[in-house]
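The structure under discussion appears below in the form of structure tokens.
The values are calculated or read from the model by the stated rules, or taken from the named source; none is laboratory data. Owing to the predicted nature of the structure, the values given are computational and were not obtained by experimental measurement. Neighbour counts run over all protein chains shown; Cβ positions are idealised from the backbone, glycine included. Just so you know, the surface numbers come from the protein's heavy atoms only, side chains and all, with ligands and any DNA or RNA stripped out. Shrake-Rupley method; radii C 1.70, N 1.55, O 1.52, S 1.80 Å.
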Amino acid sequence: MVLKSLLQAILALAILVAAVLGMRHFVLTKPEVPRRPAQEQTYAVETAAVRLASHTPSIRLYGEVTAGRQVDLRSLVAGEIVAVNPELKAGGTVRKGEDLVAINRFDYEGAVREARANLLEARAQKIEIEGRVALYRDNLRRAGEQLAFAERDLERAEQLQQTGSVTERALDERRLLVSQRRQAEEQARNTLAVEEAGIEQQAAVIQRLQWRLELAERNLTNTVLRAPFDAIVRTEAAQAGRLVNVNDVVASLYARNELDVRFTLSDNQYGRLIAQSGTLVARPVDVSWVLGSQTIDYRAVVDRVGADVARTRGGVDVIATVVVEDGAVPLRPGAFVEVTIPDRTYPATARLPETALYDEGHVFVVTEGRMTRRNVRVEAFDQGYVLVSGELSDGDVVVTTRIAGGGEGVKVRSLTDAAQPAERTQGQGGGNGQ
């Protein structure tokens with residue numbers, strides 16, 4: 001049994017050896033097959049022609065719409081609300097000067113009548129005092145005349161006494177009369193001064209009553225609250241029959257056509273813009289508001305720059321005033337919008353697709369059907385494109401297709417018309433402006 005197994009193993013080994021030797025013989029005796037000579041691979045690529053020019057990319061950011069002017073409409077007088085404008089409700093539209101809330105006028109009309117009556121009475125009293133002053137002035141003038149007459153009579157009597165024509169008693173009587181006349185004149189002068197002071201005092205009373213009349217008329221006017229500008233109602237708290245006190249808020253309004261967009265520029269972006277023009281004020285801004293599948297565009301102008309650096313957001317706040325055209329869909333405060341602002345201008349640069357740029361800061365141009373390396377410096381990115389400067393000239397044809405095996409000397413074939421440049425005109429384009 002063991003012998004039979006050994007013979008089977010030897011037979012299998014012999015067959016295997018014979019097969020190997022036969023295969024080797026066939027391989028060694030196989031006729032030589034002619035080989036096709038190796039051909040150089042040619043890559044089909046997209047290309048773009050270089051046009052050196054001044055390019056202004058765009059910085060794309062997101063901002064928030066805020067009210068440029070807003071006010072809390074407060075009651076200036078106390079009383080019961082008797083009428084409310086039907087548009088005074090959240091989202092309602094009101095025009096400048098339009099009546100919004102009316103407060104009961106009864107008490108304030110009575111105050112105006114009373115103040116006007118008091119003023120008329122005070123003016124009448126002033127006229128009465130002025131009449132007495134005129135009378136006392138006449139009395140003072142007559143007292144002065146009588147005093148002068150008495151003094152001349154006394155002077156003649158003193159001269160006649162020297163000749164013995166006038167007695168001492170008659171002279172004393174004349175002296176007494178002069179004294180009485182002088183006292184009467186002094187009394188008339190004092191009375192006149194008191195009455196003239198009364199005129200000044202009454203004039204002060206009239207001024208005070210005039211102010212009270214103006215205050216009463218102002219309070220009467222303030223019983224009607226009017227819109228200070230064309231506005232949208234944000235909130236309201238006015239209802240007919242409600243009692244309001246002075247300074248109670250009855251509505252909150254914001255200007256319908258005065259809206260701002262607040263966005264933040266990074267320190268790098270802000271530095272580039274300031275370095276070029278020195279200021280951001282009056283710089284144009286494009287604003288886009290996406291409403292479902294519809295995008296609404298607005299124009300805006302930079303109005304001012306935030307006073308402080310926005311540390312929590314890592315940049316500088318910029319506020320642009322939106323220009324709302326007639327008939328356009330009105331913006332609303334709180335809306336998030338896309339903001340596009342022109343970046344600085346880069347002179348003598350080429351605008352190429354980002355796929356043309358290789359990691360080490362170089363591109364490949366097509367020279368006699370082969371790729372030739374050119375070193376470039378990246379100036380800015382612009383919505384899928386890159387602005388570069390360096391070893392490029394007008395008319396160079398740049399490879400824009402990224403080739404895994406691409407490199408110096410690789411043979412290529414252009415699939416595009418190299419005469420069509422990749423650049424757009426200055427000022428167009430959009431990007432994040434990193």
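Quick grid of which residues meet (1) part of a strand (DSSP E or B); (2) modelled with pLDDT under 85; (3) of a type outside the set (Asp, Glu):
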residue	(1), (2), (3)
Tyr298	yes, no, yes
Arg304	yes, no, yes
Val316	yes, no, yes
Ala328	no, yes, yes
Arg351	yes, no, yes
Glu360	no, yes, no
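Each row is one residue, and each column tells you yes or no for (1) at pLDDT below 95; (2) open to solvent by 20 Å² or more (accessible area, probe 1.4 Å).
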{"site": "Ile103", "(1), (2)": "no, no"}
{"site": "Glu114", "(1), (2)": "no, yes"}
{"site": "Ala117", "(1), (2)": "no, yes"}
{"site": "Gln125", "(1), (2)": "yes, yes"}
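For Leu280, state whether it is part of a loop (DSSP other than H, G, I, E, B) and either touching an Asp or Glu at 6+ places or on another chain (Cβ under 7 Å) or surrounded by 15 or more Cβ atoms within 10 Å (Cβ to Cβ) (or both).
yes
For region 183-212, a residue qualifies if it is open to solvent by 30 Å² or more (accessible area, probe 1.4 Å), touching a helix residue (DSSP H, G or I) at 6+ places or on another chain (Cβ under 9 Å), farther than 25 Å from Phe106 by Cβ and of a type in the set (S, T, N, Q), and the qualifying residues are Gln187, Thr191, Gln201. Number of residues in region 309-354 that are polar (S, T, N, Q) and without any contact (Cβ under 8 Å) to a residue 60 or more places away in the chain: the value is 1. Scanning region 218-234 for residues that are out of contact with any Lys or Arg (no Cβ under 9 Å at 6 or more places or on another chain) and either open to solvent by less than 70 Å² (accessible area, probe 1.4 Å) or on the phi > 0 side of the Ramachandran plot (or both) returns Asn219, Asn222.
Go through the residues of region 382-390 one by one and say whether even a single one is touching a strand residue (DSSP E or B) at 6+ places or on another chain (Cβ under 8 Å), over 22 Å from Tyr43 (Cβ atoms), open to solvent by 40 Å² or more (accessible area, probe 1.4 Å) and hydroxyl-bearing (Ser, Thr, Tyr). There is at least one residue in region 382-390 that is touching a strand residue (DSSP E or B) at 6+ places or on another chain (Cβ under 8 Å), over 22 Å from Tyr43 (Cβ atoms), open to solvent by 40 Å² or more (accessible area, probe 1.4 Å) and hydroxyl-bearing (Ser, Thr, Tyr). The test for being on the phi > 0 side of the Ramachandran plot and not polar (S, T, N, Q) holds for Gly334.
Take the conditions (1) assigned to a helix (DSSP H, G or I); (2) open to solvent by 40 Å² or more (accessible area, probe 1.4 Å); (3) modelled with pLDDT under 95; (4) not acidic (Asp, Glu); Leu215 misses just one of them, which is (3). Contact map, region 360-372: residues that are farther than 12 Å from Gly409 by Cβ paired with residues that are open to solvent by 40 Å² or more (accessible area, probe 1.4 Å), Cβ distance under 7 Å, separation 6+ or inter-chain. Pairs shown: Gly361/Asn375; Gly361/Arg377; Gly361/Val378; His362/Arg373; His362/Arg374; His362/Asn375; Val363/Arg374; Val365/Arg374.
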